[in-house]
1. With the condition kept exactly as written, say whether any residue in region 68-79 is among the hydrophobic types (A, V, I, L, M, F, W, C), in contact (Cβ under 8 Å) with a residue 60 or more places away in the chain, surrounded by 19 or more Cβ atoms within 10 Å (Cβ to Cβ) and part of a strand (DSSP E or B).
2. Would you check if there is a residue in region 80-93 being closer than 21 Å to residue 26 by Cα, in contact with a Phe, Trp or Tyr (Cβ under 7 Å, 6 or more places away or on another chain) and surrounded by 14 or more Cβ atoms within 10 Å (Cβ to Cβ)?
3. Would you confirm, using the coordinates I've provided, whether residue 82 is in a loop (DSSP other than H, G, I, E, B), more than 16 Å from residue 38 (Cβ to Cβ), in contact with a helix residue (DSSP H, G or I) (Cβ under 7 Å, 6 or more places away or on another chain) and in contact (Cβ under 8 Å) with a residue 60 or more places away in the chain?
4. Which members of region 44-67 meet the condition of being part of a loop (DSSP other than H, G, I, E, B) and acidic (Asp, Glu)?
5. Looking at (1) farther than 21 Å from residue 79 by Cα; (2) exposed (fewer than 13 other Cβ atoms within 10 Å of the Cβ); (3) at pLDDT 95 or above; (4) not hydroxyl-bearing (Ser, Thr, Tyr), can you tell me which one residue 31 breaks?
Amino acid sequence: MSTTTKVTREQIENLIRGMIEIENARSIRTVDEIVAGISALLAPNSEGWVNGKHIPDRSTKNKLNRALFELIDDYHRDVDHLVIDPPFVSFAWHMKSAKHNFEAHGCSIFEVDEAVLISRLWMYFDPAPFRAIGMQL
């Protein structure tokens, strides 16, 4: 029988807090730094779904992040609720930008692998606020 190391609640919570810290540093970091920081939290073979649309790989997710952080230079996201059931985490969030009069609410579900990287993700939100600032999703 093999022993498998599993990701812990604490590791997942630290991952989410680290991701939010990276995202919320947009006012003091370049887009490249933000995208690289978030990309480092994704497993090399990660995939996801954004409102049901398949995001097949890390490269595609990086492109979406780049578009978002280039558009909103005062981006800020807060986590409203965090539920951890290893290896999964779900959380409700809201994003805002005072400069762009932007606010969006949504939720995400991540599956976290044993290396404490996001292997699969699902995001759900109303796309209307994003469209209002020129981001097509």
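The values are calculated or read from the model by the stated rules, or taken from the named source; none is laboratory data. Values in this document were obtained by computation on a predicted structure and should not be read as measured data. Note: ideal-geometry Cβ built from the backbone for every residue, glycine included; neighbour counts use all protein chains shown.
1. There is no residue in region 68-79 that is among the hydrophobic types (A, V, I, L, M, F, W, C), in contact (Cβ under 8 Å) with a residue 60 or more places away in the chain, surrounded by 19 or more Cβ atoms within 10 Å (Cβ to Cβ) and part of a strand (DSSP E or B).
2. no
3. Answer is no for this residue.
4. Within region 44-67, 57 is the sole residue that qualifies.
5. (2)
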